[in-house]
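Enquirer: First the structure, which I've put down as C-alpha cells, then a few questions once you've had a look.
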Amino acid sequence: MKECIFCRIVAGLTPAEKIFEDGRTLAFMDINPRSDGHSLIIPKSHASTLFDIEEEDLLAVMRTAKRITLAIRQALKPDGLLVYQLNGRAAMQLVDHFHLHLVPRWESDGVDLTHGFQPGDPDQIRAVAQKIRAALASTNNGKDGS
C-alpha cells in the first residue's frame, strides 16, 4: 500500500522513531503526541480497521501493547495510561491502517483530548523513545527499534 503512511514506515520508506519491532508488529512514537510517551502499535500487515484486521495480527498487536505499556510504566512512571483505537472517519480515524494508541497520563497533566493535534518536539519525542527502549532492553522484552 504505497499511499499508506504506516505501510511506508513498516517498509522503511518513511522515518519513524521506532521503539519495538517483531515479526508481526511495530511500535513507534506518535509525531503528534498527546503526552510524553504517546506511542502507536500497528500490525505490519495492512488492515484498515478492527473490522479488517486478521485475528493473529490483532493478538500480536495486543501482546506488543502490553510489552510497551510495561516499558512506559518503568521509563516514565505515569499515573495512568489511556488506550484507544479508532475505526473509520466517523470515529475520527485519520490514518487508514489499524493502530492502537498508548497515551501515558499524569494527574493534572492538562492533556485535552477534545481538540486537534499539536505537533510534538522531535528531540523530546526521541528522548522519550530512548527511555522506553532502555526500559524494554532492561527487561529483555524486545530488541532495539532504532
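The values are calculated or read from the model by the stated rules, or taken from the named source; none is laboratory data. Not measured: the values here are computed from a predicted model. Cβ: placed from backbone, ideal geometry, glycine included. Neighbour counts: every protein chain shown.
Enquirer: Could you grab me the full set of residues in the stretch 73-123 that are of a type in the set (Val, Ile, Thr) and either over 16 Å from the mean Cα position of the chain (by Cα) or over 30 Å from THR139 (Cβ atoms) (or both)?
Expert: VAL111, THR114
Enquirer: Now, a different point. Would you call THR64 of a type in the set (Val, Ile, Thr), in contact (Cβ under 8 Å) with a residue 12 or more places away in the chain, surrounded by 15 or more Cβ atoms within 10 Å (Cβ to Cβ) and within 18 Å of ALA134 (Cβ to Cβ)?
Expert: Numbers: of a type in the set (Val, Ile, Thr): yes; in contact (Cβ under 8 Å) with a residue 12 or more places away in the chain: yes; surrounded by 15 or more Cβ atoms within 10 Å (Cβ to Cβ): yes; within 18 Å of ALA134 (Cβ to Cβ): yes.
Yes; evaluated as a whole, the condition is true for this residue.
Enquirer: Oh, and also: Quick one: PRO78 ticks every box in (1) at pLDDT 95 or above; (2) out of contact with any helix residue (DSSP H, G or I) (no Cβ under 8 Å at 6 or more places or on another chain) except a single one, so which number is it?
Expert: (2)
Enquirer: Could you tell me whether the stretch 126-144 includes any residue that is over 15 Å from the mean Cα position of the chain (by Cα), in a helix (DSSP H, G or I) and either of a type outside the set (A, V, I, L, M) or exposed (fewer than 13 other Cβ atoms within 10 Å of the Cβ) (or both)?
Expert: Yes: one or more hits.
Enquirer: Give me the residue from the stretch 33-72 that is among the aliphatic types (A, V, I, L, M) and not in a helix (DSSP H, G or I) and, out of that set, nearest to the chain's Cα centre (by Cα).
Expert: Kept after step one, since they are among the aliphatic types (A, V, I, L, M), are these residues of the stretch 33-72: 40-42, 47, 50, 53, 58-62, 65, 68, 70-72.
After this cut, where a residue has to be not in a helix (DSSP H, G or I) as well, the list is 40-42, 47, 50, 53.
Details: LEU40: 1, ILE41: 4, ILE42: 7, ALA47: 16, LEU50: 16, ILE53: 17 Å.
Per the criteria, the residue is LEU40.
Enquirer: In the stretch 99-134, how many are touching a strand residue (DSSP E or B) at 6+ places or on another chain (Cβ under 6 Å) and among the polar types (S, T, N, Q)?
Expert: So the count comes out to 0.
Enquirer: Are any residues in the stretch 89-101 at pLDDT below 95 and in a loop (DSSP other than H, G, I, E, B), and if so, which ones?
Expert: MET92, GLN93, LEU94
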